[in-house]
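Each remark here refers to the structure printed beneath this line.
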Amino acid sequence: MKKYCLLIFILFSSYTYCQEGYSFESKIHPEKEYTLQMNISSITETTIDKKVTKSESKTSVTRTTTTEKLNKEGVMPASMRIGNLSVSGEGKESLNPISNSVLVGQLSVDNKFKIDTIYNNEINQKTRTALKYAFNDLKPDIDFPKKLLKIGESFENKAPLTVPFNNDQIKTLITKKITLNSVKNNIALFTITEKIVLNNENLLISASGEGSGIIKFNIAENQIISDTSHHSINIKVRNGDTIINGLVKLDAEKTTTINNIIIEEPPKTR
């Protein structure tokens, strides 16, 4: 009888634990190497007076962030190396000047990066300032809720998205519904559905679309390790008596690999 009661208690405890849900918090840990590979492709179809033109572009970059030991102030000396930032389209390929930049500074576990030095002889002060602003916070695009999430539960995120179209920048807003689909071996799988609308009122421009995606989150490492998405956006622009219609398709894939590194202590002098 005692064994039976013990078994019931264990099963009930396991069930209760599973029902409590999972916590998701993005953090950067000391003595790690984070390598992010990002690929973005777009196809744009533009229709003016029944004439259709089509253009394609691809962007790819690798970014490696290396952290050292946590110091007494609670921050980590860190460096970020930006690989070749390649942009191709219309049969041409070019490298962005920020390629092969190395950013050195102090990184906190809550993703704040205070950049002290940027090594790259090919960029000016304006670009250096822009890099410091762009990478002063390394938090991911997804803002996870503070509460525990159970399997099947969803939450929403909103984020701006600028879409290049007809030599202009169309500002849109994405509303993401993110659902925790499963958790296996400390890897959480999220599915995403998206609605896209124009981000500001404009009588001359209309934009709407939808998207989908999949995210994988490594709970033990507190990091998103895979993020794939697809967007399809319809755009209409009025230019005098001319109406320009467009269909923009965007595909993005980001993967992060995480490795432990060993920081050797300098030998102590007697």
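The values are calculated or read from the model by the stated rules, or taken from the named source; none is laboratory data. Quick caveat: nothing in here was measured; it's all calculated off a predicted structure. In this analysis, Cβ positions are derived from the backbone assuming ideal geometry, glycine residues included, and neighbour counts consider all displayed protein chains. The area values use the complete protein model at the heavy-atom level, side chains included, leaving out ligands, DNA and RNA. Shrake-Rupley method; radii C 1.70, N 1.55, O 1.52, S 1.80 Å.
Selection of region 184-202 for residues being touching a residue at least 24 places away in the same chain (Cβ under 8 Å) and either closer than 28 Å to N239 by Cβ or open to solvent by less than 40 Å² (accessible area, probe 1.4 Å) (or both) yields A188, F190, I192, E194, I196, V197, L198, N199, N200. The set of residues in region 90-131 being farther than 21 Å from V61 by Cα and either under 20 Å from the mean Cα position of the chain (by Cα) or acidic (D, E) (or both) consists of L107, S108, V109, D110, K112, K114, D116.
Residues of region 41-62 being part of a strand (DSSP E or B), more than 27 Å from N84 (Cα to Cα) and either in contact with a helix residue (DSSP H, G or I) (Cβ under 9 Å, 6 or more places away or on another chain) or open to solvent by 100 Å² or more (accessible area, probe 1.4 Å) (or both), which ones? It would help to see each step written out before you state the result.
Start the filter on region 41-62 by keeping residues that are part of a strand (DSSP E or B), which leaves 41-48, 51-62.
When the remaining residues are screened for being more than 27 Å from N84 (Cα to Cα), the result is 45-48, 51-53.
Scanning region 41-62 gives a single hit, K51.
Considering (1) over 17 Å from Y34 (Cα atoms); (2) free of Cβ contacts under 8 Å to residues at least 24 places away in the same chain; (3) under 19 Å from the mean Cα position of the chain (by Cα), the lone condition that S86 does not fulfil carries the number (2).
Please find, within region 138-164, the residue that is surrounded by the fewest Cβ atoms within 10 Å (Cβ to Cβ) out of those that are assigned to a loop (DSSP other than H, G, I, E, B) and of a type in the set (V, I, T). Step by step, filter region 138-164, then rank; the result is I151. Among the residues of region 123-137, just one is β-branched (V, I, T) and either more than 11 Å from P97 (Cβ to Cβ) or loosely packed, with under 13 Cβ neighbours inside 10 Å (or both), namely T129. Taken residue by residue, region 77-84 has no member that is open to solvent by 50 Å² or more (accessible area, probe 1.4 Å), β-branched (V, I, T) and over 22 Å from I170 (Cα atoms). Looking only at region 165-181, which residues are open to solvent by 40 Å² or more (accessible area, probe 1.4 Å) and without any contact (Cβ under 8 Å) to a residue 40 or more places away in the chain? N167, Q169, K171, L173, K177, N181, listed by residue number.
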